[in-house]
Amino acid sequence: MFDTRFALLSVEEMTRSDRLTIERGKPGIELMENTGRLVADAVAARFPCGPVSVLCGPGNNGGDAFIAARLLRDAGWTVTLFLLGERERLTGDAAEAAHRWAGPVHPLTADAAEGASLILDGIFGAGLSREVTGVVADLIGRVNEAKLPVAAIDVPTGLDGETGEVRGAAFEAKLTVTFFRKKPGHVVFPGRRLCGELVVGDIGTAEGVLDEIKPTTFENAPEIWREAFPRPQVEGHKYSRGHVVVVSGGPSTTGAARLAARGALRAGAGLVTVASPPNAVAINAAQLTSIMLKPVAGADSLARLLEDKRLNACLIGPGCGIGPSTRENVLAALLSGASMVLDADALTSFMEIPRDLFVAIKGYFAGPTVLTPHEGEFRRLFPNNLAGGKLARSRAAAAESGAVVVFKGPDTVIAAPDGRAVVNTNAGPELATAGSGDVLGGIILGLMAQGVPAFEAASMGVWLHGEAGQYYGIGLISEDLPEMLPAVYRDLLPKLG
């Protein structure tokens, strides 16, 4: 299914790709030379030639920096090189890279940036697993405070390449140069912000290594769900494109359901019905045209509605209220076998008894289910899953719940119970507006109604949502998002083929 061009490699997977390449005949020092040249070329193309402080660590990241320093000096840069640790203690390819540097090597100190117009950071790479302290933390603080431009090798020192989290202190880079494939820390916040411009280059990694590694984490892009996309069919009709049901809240909270319903309709669902409490029917009716309306008084009434299997997808949560009635609606809908999206109040209603929800999702009669929590809702529903990076938390939540989890944010993670995960990177700040998440839930459900599997529908929906926001830009309100989808589709469909 997945296009490996968009694979995000863990630190272990990247190390393995290097090892496989070396085993297939390419010397490690050649990979390091290629890395150093890529870094030097990227720096020279983006920064004016001048005094540069090159910061080298004791491992392979430092070896890359030694080579980049040599090449920059040969190109006319004024290079001052600093090493954390003793040169004599370097080993392997890093030792050979240091041997090829003919200039002086200064001990790394907190004032290593003085007099430099650029910092080339090669202290610690993506595999950092401890807090940055001491002289390195002091140096990072001084450089960040002075706002000196930093070009980082692999990841900015202090950034955990696995999680995107800061380990004590981290450089704020203007440029990060990495190799072969991105790592999760490059795309998950705060890592994405700290990396600045990200350049991914080829250093000669052997062909076919990803076939052996079989990565399970990817950056969200149309190429990874191309085959599952529900292309319009000439012989299709509204009944073949699914019938979505969106459960509305009471008279004062009906807008969220209508936003979700509009999102489902624009996403391609053939029919959409808002299931409304009787006392909110008049309010909903005044606002709906192409979307149908059905009075539904409680869980038994919703269950009877969903007995018609043509109504094959259901969204509960936005504006529904927190409490027993929402829980009962969720459990009744799950028993129907319809595809489900649960958001907002539907999630918070189970915060004291999350296991009841997870048992129902895994039940024999339940259809595919997607949960779409933001950070606060995630914490309430998964209180035992608060430590670690966003990717790991999302995967654990999906495994625990039995649902596809869409952990929302500027770096939304979509995780499946089988361990697959996607990180979305096209969402802009314009999406931070009330009702945006309601529209997202509707888009995902509209895709599921058309037969798209839950994980692929969630990945598509999040990407489409982000594109719609970008198409509109500043000034966006949630009502605008569904109306941007036709333009997004017009541009997307030719690319999908």
Entries of Lys26/Lys174; Lys183/Lys495; Lys214/Lys238; Lys362/Lys495; Lys147/Lys495; Lys362/Lys408 with Cα pairs more than 29 Å apart: Lys26/Lys174; Lys214/Lys238; Lys362/Lys495; Lys147/Lys495
Normalised per residue, the volume inside the convex hull of the alpha-carbon atoms of the stretch 259-386 in Å³ amounts to 107
Per residue solvent-accessible surface (Å²) - the stretch 265-407, probe of 1.4 Å: 41
Nearest 10, in degrees from 0 to 90: the angle of helix 480-496 to the longest Cα principal axis of the chain is 60
Please give the length that would be gained between Leu493 and Glu227 if that part of the chain were fully extended, namely 0.36 nm times their separation in residues minus their C-alpha to C-alpha distance (nm, one decimal). 94.6 nm
Could you give the angle, 0 to 90 degrees to the nearest 10, between helix 390-401's Cα long axis and the longest principal axis of the Cα atoms of the chain? 40
Within the accessible area of the stretch 22-160, what % is carbon and sulfur when the probe is 1.4 Å and the other protein chains stay in place? 50
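Calculate, for the stretch 1-40, the solvent-accessible area per residue in square angstrom, rolling a 1.4 angstrom probe over the heavy atoms of the protein chains.
47
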Once both label points are put 7 Å beyond Cα along the C-beta direction, the Ser325-Asp3 separation in nm becomes 4.7
What does the C-alpha gyration tensor say about the overall shape of the stretch 163-256? Classify as rounded when a/c is under 1.5, otherwise prolate if a/b is larger than b/c, or oblate. oblate
Just to be sure I follow: if Rg is taken over the C-alpha atoms of the stretch 30-101 and Rh is the Kirkwood radius over the same atoms, what is Rg/Rh? 0.95
Mind giving me the nanometre distance, one decimal, between the label points for Tyr364 and Glu212, set 7 Å out from Cα along Cα→Cβ? 4.6
Among (1) 1.06; (2) 0.98; (3) 0.95, the entry derived from the coordinates for Rg/Rh (Cα atoms, Kirkwood Rh): (1)
What residues from the stretch 9-36 fall in the zone where the backbone N is under 20 Å from a label point 7 Å along the Cα-to-C-beta line of Ala75? 30-36
Once you have the Cα-Cα distance between Val200 and Thr253, take 0.36 nm times their residue separation minus that, and quote the gain in nm to one decimal. 14.4 nm
Set of the stretch 259-274 residues, backbone N closer than 18 Å to the point 7 Å along the Cα-Cβ line of Ala285: 273-274
Antiparallel content of DSSP bridges confined to the chain, in %, to 5: 15
Heavy atoms of the protein only, probe of 1.4 Å, neighbouring chains included. What is the accessible area of Cys49 in Å², nearest 10? 80
Nearest-0.05 FRET efficiency for Glu483 and Glu23, computed from C-beta distance (R0 45 Å): 0.25
Residues His237 and Arg130, FRET efficiency given R0 of 51 Å [Cβ-Cβ distance, rounded to 0.05]: 0.25
The stretch 306-330-the stretch 383-451 distance, computed between alpha-carbon centres (Å): 19
Roughly how many Å is it from the Cα centre of the stretch 190-236 to that of the stretch 1-31, as a whole number? 15
So which GluC sites (Glu not before Pro) in the stretch 1-107 end up in coil per DSSP with only 10 or fewer other C-beta atoms within 10 Å? Glu86
Using per-residue counts of other Cβ atoms within 10 Å, averaged over each peptide, order 241-252, 62-73, 486-497 from highest down. 62-73, 241-252, 486-497
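The values are calculated or read from the model by the stated rules, or taken from the named source; none is laboratory data. Model, not experiment: these values are computed from the prediction. A quick note on method: Cβ atoms are made from the backbone with ideal geometry, for glycine too, and the neighbour counts reach across all protein chains shown. Accessible surface is based on the protein model in full, side chains and every heavy atom, while ligands, DNA and RNA are left aside. Shrake-Rupley method; radii C 1.70, N 1.55, O 1.52, S 1.80 Å.
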